[in-house]
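Colleague: I am attaching a structure below and will ask some questions about it afterwards.
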């Protein structure tokens, strides 16, 4: 169980939303401005997908994928840190930060995250990373499952077309050049898969503030979230 919210002096900030909404960039900038720790929970599932691929495990095999997740949940097997603007990820001492950021690993993460045993294996890791508060966590079920008692919840989204274009530009920077139509299809397929999976589906928590970044700049989105978190901080301070 996650720690009771009343015992935290600084809030847990949960930023959920679909692929391509800008969560990684926004989470980093929000954490920087607040002086909070940033936790990229999606990197955990990407790491599982990569580990499965390396070990010859089919992503659709729930049992075998769960074994890979449990192996990574062992002490020191999987490490998350920061390296400039990116999340640094190590598997058994190997830096896989770049390897997990491909379009293929994004699709793999979406598939393995549908398996309840995989999510169970990684759940406590996520909760431990944010238990004390003063953290910004991004994902798809942070506010609904991982930290339902998070004091500040946001659902960051954008239209599928805008998200596909952002993803295409990101891939271009990495040397890949898929056509926009292909990326849009993959974005829409991932939306469908993430929203309809039986375990911890992508969903906006009832108490999450909706932030649509389709026509907003990154700075506008960040300032909206930071302003709300500051209000939560003030409320927590007044309650002490």
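Colleague: So which residues in the range 139-165 are part of a helix (DSSP H, G or I) and within 17 Å of the chain's Cα centre (by Cα), if there are any at all?
Modeller: Matches in the range 139-165: 142, 143, 144, 145, 146, 163.
Colleague: Going by the conditions given, is residue 28 assigned by TED's automatic domain parsing to the domain that holds residue 164, under 14 Å from the mean Cα position of the chain (by Cα), closer than 25 Å to residue 156 by Cα and not in a loop (DSSP other than H, G, I, E, B)?
Modeller: Values: assigned by TED's automatic domain parsing to the domain that holds residue 164: yes; under 14 Å from the mean Cα position of the chain (by Cα): yes; closer than 25 Å to residue 156 by Cα: yes; not in a loop (DSSP other than H, G, I, E, B): yes.
In short, yes.
Colleague: Something else about it: Out of (1) at pLDDT 95 or above; (2) buried (at least 23 other Cβ atoms within 10 Å of the Cβ), the odd one out for residue 56 is which?
Modeller: (2)
Colleague: Please work out which residue is farthest from residue 147 (Cα to Cα), limiting yourself to the range 101-135 and to residues that are in contact with a strand residue (DSSP E or B) (Cβ under 6 Å, 6 or more places away or on another chain) and assigned to a helix (DSSP H, G or I).
Modeller: Once the filter is applied, the top-ranked residue is 129.
Colleague: Is it the case, given these coordinates, that residue 180 is more than 20 Å from residue 42 (Cα to Cα) and surrounded by fewer than 18 Cβ atoms within 10 Å (Cβ to Cβ)?
Modeller: Values: more than 20 Å from residue 42 (Cα to Cα): yes; surrounded by fewer than 18 Cβ atoms within 10 Å (Cβ to Cβ): yes.
Against the criterion (more than 20 Å from residue 42 (Cα to Cα) and surrounded by fewer than 18 Cβ atoms within 10 Å (Cβ to Cβ)), residue 180 qualifies.
Colleague: It is to be established whether one or more residues within the range 185-202 are in contact with a strand residue (DSSP E or B) (Cβ under 8 Å, 6 or more places away or on another chain) and either under 27 Å from residue 78 (Cα atoms) or surrounded by fewer than 21 Cβ atoms within 10 Å (Cβ to Cβ) (or both).
Modeller: yes
Colleague: To continue, here is another question. Please go through (1) under 27 Å from residue 69 (Cβ atoms); (2) modelled with pLDDT of 90 or more; (3) surrounded by fewer than 20 Cβ atoms within 10 Å (Cβ to Cβ) for residue 156 and return the number of the only condition it doesn't satisfy.
Modeller: (3)
Colleague: Restricting to the range 85-106, what's the tally of residues that are over 12 Å from residue 43 (Cα atoms) and modelled with pLDDT of 90 or more?
Modeller: Of the residues in that region, 5 qualify.
Colleague: Only residues that are touching a helix residue (DSSP H, G or I) at 6+ places or on another chain (Cβ under 7 Å) and surrounded by fewer than 16 Cβ atoms within 10 Å (Cβ to Cβ): list them for the range 210-225, please.
Modeller: Narrowing the range 210-225 to residues touching a helix residue (DSSP H, G or I) at 6+ places or on another chain (Cβ under 7 Å): 211, 213-214, 218, 221-222, 225.
Across the range 210-225, the qualifying residues are 214, 218.
Colleague: Which of the residues that make up the range 220-240 are under 21 Å from residue 157 (Cα atoms) and in contact (Cβ under 8 Å) with a residue 12 or more places away in the chain?
Modeller: Passing the criteria: 221, 222, 224, 225, 226, 228, 229.
Colleague: Also, quick follow-up: I'm checking my understanding of the structure. Among residues of the range 128-137 that are modelled with pLDDT of 90 or more and within 15 Å of the chain's Cα centre (by Cα), which one is surrounded by the fewest Cβ atoms within 10 Å (Cβ to Cβ)?
Modeller: Restricting to residues being modelled with pLDDT of 90 or more and within 15 Å of the chain's Cα centre (by Cα), the top hit is 135.
Colleague: Another question about this same structure. Read through the list (1) at pLDDT 95 or above; (2) more than 19 Å from the chain's Cα centre (by Cα), then give the number of the only condition that residue 75 fails.
Modeller: (1)
Colleague: In addition: Is it true that residue 188 is over 20 Å from the mean Cα position of the chain (by Cα) and at negative phi?
Modeller: No; evaluated as a whole, the condition is false for this residue.
Colleague: While we're here: Test each condition in (1) under 29 Å from residue 177 (Cα atoms); (2) surrounded by fewer than 15 Cβ atoms within 10 Å (Cβ to Cβ) for residue 47 and report the one that comes out false.
Modeller: (2)
The values are calculated or read from the model by the stated rules, or taken from the named source; none is laboratory data. Values in this document were obtained by computation on a predicted structure and should not be read as measured data. Note: ideal-geometry Cβ built from the backbone for every residue, glycine included; neighbour counts use all protein chains shown.
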